[in-house]
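Some notes on the structure that comes next.
The values are calculated or read from the model by the stated rules, or taken from the named source; none is laboratory data. From a predicted model like this one, the values you see are computed outputs, not experimental measurements. Neighbour counts run over all protein chains shown; Cβ positions are idealised from the backbone, glycine included.
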Amino acid sequence: MRLSKLVKGRSMRSGCRGCYVMKYRLCVAWLVLSGLSGASSAETGDARILAARDAATRGDAAALSKLADQPSSHTLEPYVQYWLLSNRISRLTEAVPAGAVSAFLRSNSGSWLAEKLRNEWVRRLGFEKRWSEMDAEYGLLMQPDQAAQCYAIQSGGPAADAARTALEAQWLSLLDVPDSCIQPLQELVLLGRLGNEEVWQRFRRLVEGKRFPAARNVLNLLPESQQPAGSSLALALDSPARFLASPAARNPQGRAGRELVLAAIARQARSNVREAASIWQDLADKGFRDEERAYAWGQLAWLAAQSHLPEASAWFAQAQATSMVPEQRAWRVRANLRSGNWAGVRQAIEAMPGEQRDAADWSYWYGRALQAQNRPQEAQQYFLRNADAASFYGILSTEALGRSYQWPSASAPITAQELGRVQQSGDFRRAEALYRLEMRTEGMREWNWGIRGADDRYLLAAAEHARRLGLYDRAINTAERTRNEHDFGLRYLAPYYDVFSREAQTQQLDLAWVFGLVRQESRFQPVARSGVGAQGLMQVMPATGKWIAGKQGWKDYEPGWLTRIDTNVKLGSAYLRHVLDSLSNHPVLASAAYNAGPGRARKWRDTRPLEGAVYAETIPFTETRDYVKKVMANAELYATLLERRPASLSSRLGRVPASGGPELALSSDEP
């Protein structure tokens, strides 16, 4: 069967709703009939590749060497050789055959594996201080990793100055430091590029990030006379409540004493922010500078805002004399959004640096603040910045201008020649083979390497190639990278249409919302498995699957249901119906509950009804906040695609009801 006539995703303005549904159905049918199950058929020698992978995982050098001595023409043969060389490079007490490394890098030049091995080789050469060899290899890297960059600084070679400048720019943001970066970071201070003030600022960031050993160590860069006593430092970081009740906190000595109080306040606030604020009010007049008082209030306000405490806005108002990190500034806006203080929203956004202020989310809310203050013409200019973008704030900005979201003009169909270029790429052939052997992480990296720096036509051809292979996650992610030419039929695929449609109808769910949620959960990969154990298309946790099956009275449930397409969707749809019923039938709350649990979704409501967009933007968990916004935007885009109706994200978001009203009680045995 030729699919080329059936795979061109077009804008709904083409008037062919049925084309989409037919495309998805035929795609699935073709995969099933071909026996591909989402990837190409088995290749001779697969067992040897898997054996080599297992040997590499065990660190079994002897087995790897034996397997590598039997080279083949398998697509993944370079992986066998890579695993062997990588194993040898990692053994720091054993010599590495440099000739074999060089031969591998030459024969696999330009590939992701060559780049990966060269980074490892550079780190080994740097560890052994073989600087001239290291500099030569470093110059050939396209994407040097952080450890390699720090060895380039240590070498003092041609790349040292640029790498040192890049490291200096990360002084406050690089919290997890490779061993090779410890010396270069120290030298930034010892050579006078950074001073004592920067040391204290890094100490604050490390404490905020809970990197306590690193926070202790960075203070060793201060002159000995300016370092805090070790016992006081340990008490402030390990037992902040005890430290804050001690004489050292009541009568802080010098900069070191004051900084330990600030660190202890920041630590204590994570346990009980109101208690920490009460303690700080008693200590704030103990000789602290204006900036230091502002820093403490900024820490308290940040945590209060994430806990939806009404004091947050007032505390932020006392923090304006200190420098805030981007997420802290964002929570200042959110605190004012939550309280309905549009003047405060405008002021908080105006206090942001330009790059952050111009982001789509804050441009939209700044426009809303201007609109609330009867400045509609100015507001319109901010809505226009992101209008027509296929995103949460792009759609909301479009609607704020009084327009319905419309799909962009469709790109020209991919030609056979364009598709052929992609199909001939070694990067994609390796990615396909890796996905077939369930080495999905490596497959994703090979795929992403193959599309780096690609133009729109190549990206669309690669996305179409992925769709034909059943690699829906790669198809969607690749199609999303285009800048000027777009194919939204590829960005918003709807495979397994019949399965989702049947279960959505059974559970009386909005099909567009279900597709929007699954697109975010698994990108339609039936074998997707999260780090915490969620499985399948709808990422159902084992305990949740068993519980919802029992609640529905499905007596034949067994764990295999989680990995089969039809039963996974059956379980996920039933659970989605359950959380929807438990949360006022509100899709924003139910989306949050599906990701973070119904108890949290309820807890994040306010004592008064909230605009759905405000509820979504003020969710404390970054992952859940982004998830809900993407699910709701996806739902509107799927509704436009599948139902041929104008999008109305504002209507879909609606208003989240206040807490405390009548609602179904959560089951005590619910996971």
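Within segment 423-471, the set of residues being closer than 21 Å to Tyr492 by Cα, buried (at least 20 other Cβ atoms within 10 Å of the Cβ) and among the acidic types (Asp, Glu) comprises just one member, Glu464.
Quick one: would you say Leu517 is in a helix (DSSP H, G or I) and either farther than 30 Å from Glu643 by Cα or in contact (Cβ under 8 Å) with a residue 60 or more places away in the chain (or both)? Considered against the rule, which asks whether it is in a helix (DSSP H, G or I) and either farther than 30 Å from Glu643 by Cα or in contact (Cβ under 8 Å) with a residue 60 or more places away in the chain (or both), Leu517 comes out as yes.
Exactly one residue among Ala277, Ala264, Ala234 is modelled with pLDDT of 95 or more, over 29 Å from Ser313 (Cβ atoms) and hydrophobic (A, V, I, L, M, F, W, C), and that residue is Ala234.
Of the residues contained in segment 634-651, none is found to be closer than 17 Å to Arg334 by Cα and loosely packed, with under 14 Cβ neighbours inside 10 Å.
Any residue in segment 309-317 that is exposed (fewer than 14 other Cβ atoms within 10 Å of the Cβ) and assigned to a loop (DSSP other than H, G, I, E, B)? Within segment 309-317 (the criterion being exposed (fewer than 14 other Cβ atoms within 10 Å of the Cβ) and assigned to a loop (DSSP other than H, G, I, E, B)), the answer is yes, since at least one residue qualifies. Determine whether Gly287 is in contact with a Ser or Thr (Cβ under 7 Å, 6 or more places away or on another chain) and either acidic (Asp, Glu) or within 30 Å of Leu235 (Cα to Cα) (or both). Answer is no for this residue. Of note, Leu50 satisfies the criterion of being part of a helix (DSSP H, G or I), surrounded by fewer than 20 Cβ atoms within 10 Å (Cβ to Cβ) and either aliphatic (A, V, I, L, M) or modelled with pLDDT of 95 or more (or both).
Screening segment 336-437 for helices (runs of 4 or more DSSP H) wholly inside it with 2 or more residues that are basic (Lys, Arg) returns the ranges 426-436. Output the number of residues of segment 219-232 satisfying the condition of being within 18 Å of Glu197 (Cα to Cα) and touching a residue at least 12 places away in the same chain (Cβ under 8 Å). Total meeting the criteria: 7.
A search for C-beta distances below 8 Å between a residue of segment 446-465 that is assigned to a loop (DSSP other than H, G, I, E, B) and any residue that is not hydroxyl-bearing (Ser, Thr, Tyr), counting only pairs 6+ apart in sequence or on different chains, returns Ile451/Leu459; Ile451/Ala462; Ile451/Arg481; Ala454/Ala462; Ala454/Arg481. Residues considered: Ala269, Ala234, Ala214. Of these, the only one that is under 23 Å from Glu327 (Cα atoms), surrounded by fewer than 22 Cβ atoms within 10 Å (Cβ to Cβ) and among the small types (Gly, Ala, Ser) is Ala214. Figure legend. Inter-residue proximity from segment 244-267: first residues on the phi > 0 side of the Ramachandran plot, second residues outside any loop (DSSP other than H, G, I, E, B), beta-carbon distance below 9 Å, spacing 6+ or different chains. Indicated pairs: Gly254/Gln226.
So, Ser391, is that one surrounded by 15 or more Cβ atoms within 10 Å (Cβ to Cβ) and either more than 27 Å from the chain's Cα centre (by Cα) or under 15 Å from Ala479 (Cα atoms) (or both) or not? So Ser391 fits the description; yes.
Could you tell me whether segment 147-160 includes any residue that is crowded, with 16+ Cβ neighbours inside 10 Å, within 21 Å of Val96 (Cα to Cα) and among the hydroxyl-bearing types (Ser, Thr, Tyr)? Yes, segment 147-160 has at least one match. Within segment 192-209, the presence of a residue that is surrounded by fewer than 16 Cβ atoms within 10 Å (Cβ to Cβ), at pLDDT below 95, at negative phi and not basic (Lys, Arg) is excluded. Test Ala412 against the stated conditions and say whether it is aliphatic (A, V, I, L, M) and within 26 Å of the chain's Cα centre (by Cα). No. You will find that of Arg332, Arg258, Arg338, the residue that is modelled with pLDDT of 95 or more and farther than 30 Å from Ala601 by Cα is Arg258 and no other.
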